[in-house]
Amino acid sequence: MKVLHLYSGNLFGGIETLLLTLAREQKSFPQMQHHFALCFEGRLTKELQTLSAKIHHLGNVRISRPWLVWQARQQLKQLLKQEQFDIVISHACWVQAIFGSVVRAHHLPLVFWCHDILKGKHPIERLAKLVLPDVVIANSHYTESSIKNIYPHSNSTTIYLPVASPNIEDEKLVRHTVREELNTPEESIVIIQASRLEKWKGQSMLIATLGQLRHVPNWVCWIAGGVQRANEEEYLQELKKQTQELGIAERIFFLGQRTDIKYLLAAADIHCQPNTSPEPFGITFIEALYAGLPVVTTAIGAALEIVDDSCGRLVPVNDVSALSGVLSTLITHPSQRLALASHGKIRANDLCNPQKQLNQLYNLLCDVIEQYDFP
């Protein structure tokens, strides 16, 4: 089966991680041949190239510049003529709005993979609504519940994203090496947040909570995630100022954009991401569970589908006191950390084992192709 994935490619987050996983698992699941058509060249393109993935460039697109949209659509038309794709998957409403009609005109099955909560009010969502997909894939049941806001009559299903367990041969060596690089003592309890640098991801709430725990000894915090847009630089400066005002600046490490997240997680002790808005899925939760870290987050969105009492702790939204209590307990009670860590890998594998999830995706795409009414 030859599958074309359509995406923008200018940022880096959950969708990009999924696409890299698909490329990485190509050899172990050869039933699907993945191609990637991207508008922008950036980190995603570079990492796909290192995996020898099949990449097609459609050209930079700005909806505010119609001629660029037209040129990109022409590029896609040529690509669809040259390659015999069996099915096309568009990732995100922006992509569906720009390219969905081209796929439809070429009479190919079109799948919309929904990665965000849809409200049906944004202009891009309204444009995407004009192009009906044959099926919608949601990354969580929480996300799937919002699909009706733009596709009330479409068939939809939830497929948790495939996430591979990290292949780290010597975890003790990695732990020592990473901590040495980051000037973090071996005995320190490291709390890590690895996510996009966006306000709703809760970095500010985490810092506020750690401010309440400044008298608790032996913890440090690593915040991984770099500036990708102008407003994120402003947010980063706000966070740094917050650490200064709380008197914990020397215990908070802002690591910027990283490509070695699996090693950072292997060197940490607790993963904490106290979202202030719902997470559509949360690959970082799965990655942390694979790394054997207790996951602490807020009880909203897809976190409720991933984190349970066997592997982490859920706290109310914006409840600094509750989060402070949980983190204080985990920092000072290693036996509780170890108990949660022992179940994390099992939980992650149950939800996101790549072979299981790719087989589910393959079977779904086969059904779509089989039922499609080709001209």
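The values are calculated or read from the model by the stated rules, or taken from the named source; none is laboratory data. Please read these numbers as outputs of a predicted model, since none were measured by experiment. Cβ: placed from backbone, ideal geometry, glycine included. Neighbour counts: every protein chain shown.
Of all the listed residues (LEU314, LEU289, LEU304), the sole one being surrounded by 21 or more Cβ atoms within 10 Å (Cβ to Cβ), of a type in the set (A, V, I, L, M), modelled with pLDDT of 95 or more and not in a loop (DSSP other than H, G, I, E, B) is LEU289. Of all the numbered requirements in (1) buried (at least 17 other Cβ atoms within 10 Å of the Cβ); (2) part of a helix (DSSP H, G or I), PHE85 misses one, and that requirement is (2). Does VAL216 qualify as being farther than 21 Å from LEU18 by Cβ and crowded, with 19+ Cβ neighbours inside 10 Å? No, not satisfied.
If you take just the strands (runs of 3 or more DSSP E) that sit entirely in the range 105-184, which of them hold at least 2 residues that are of a type in the set (Val, Ile, Thr), modelled with pLDDT of 95 or more and surrounded by 19 or more Cβ atoms within 10 Å (Cβ to Cβ)? Let's see the steps before the verdict.
Details: elements: 110-114, 135-138, 156-158.
Those strands (runs of 3 or more DSSP E) span 135-138.
Being within 17 Å of ILE191 (Cβ to Cβ) and in contact with a strand residue (DSSP E or B) (Cβ under 7 Å, 6 or more places away or on another chain) is the requirement here; does VAL320 meet it? No.
I need a count of the residues in the range 88-104 that are of a type outside the set (S, T, N, Q) and surrounded by fewer than 21 Cβ atoms within 10 Å (Cβ to Cβ). Spell out how you get there, then give the answer.
We begin by selecting, within the range 88-104, every residue of a type outside the set (S, T, N, Q); these are 88-89, 91-95, 97-100, 102-104.
Those still in the list that are surrounded by fewer than 21 Cβ atoms within 10 Å (Cβ to Cβ) too: 92, 94, 104.
The total comes to 3.
For LEU79, are the conditions met, namely being in contact with a Gly (Cβ under 9 Å, 6 or more places away or on another chain), part of a helix (DSSP H, G or I), surrounded by 17 or more Cβ atoms within 10 Å (Cβ to Cβ) and in the same structural domain as TRP113 (by TED's automatic domain parsing)? No. Does VAL95 satisfy the condition of being assigned by TED's automatic domain parsing to the domain that holds PHE36, among the β-branched types (Val, Ile, Thr), under 23 Å from VAL368 (Cβ atoms) and under 24 Å from the mean Cα position of the chain (by Cα)? When the stated conditions are applied, VAL95 passes them. So which of GLY211, GLY247, GLY301, GLY312 ends up being in contact with a Leu (Cβ under 7 Å, 6 or more places away or on another chain), among the small types (Gly, Ala, Ser) and either free of Cβ contacts under 8 Å to residues at least 12 places away in the same chain or over 20 Å from ARG337 (Cβ atoms) (or both)? From the options GLY211, GLY247, GLY301, GLY312, the qualifying one is GLY211. Limited to the range 326-344, what total is found for residues that are surrounded by fewer than 16 Cβ atoms within 10 Å (Cβ to Cβ) and either outside the structural domain of GLU187 (by TED's automatic domain parsing) or assigned to a helix (DSSP H, G or I) (or both)? Number satisfying all stated conditions: 9. Scanning the range 67-79 for residues that are free of Cβ contacts under 8 Å to residues at least 60 places away in the same chain and either among the β-branched types (Val, Ile, Thr) or within 18 Å of GLN33 (Cβ to Cβ) (or both) yields one hit, VAL69.
Going by the conditions given, is THR45 within 23 Å of GLN357 (Cβ to Cβ) and of a type in the set (Val, Ile, Thr)? In short, no.
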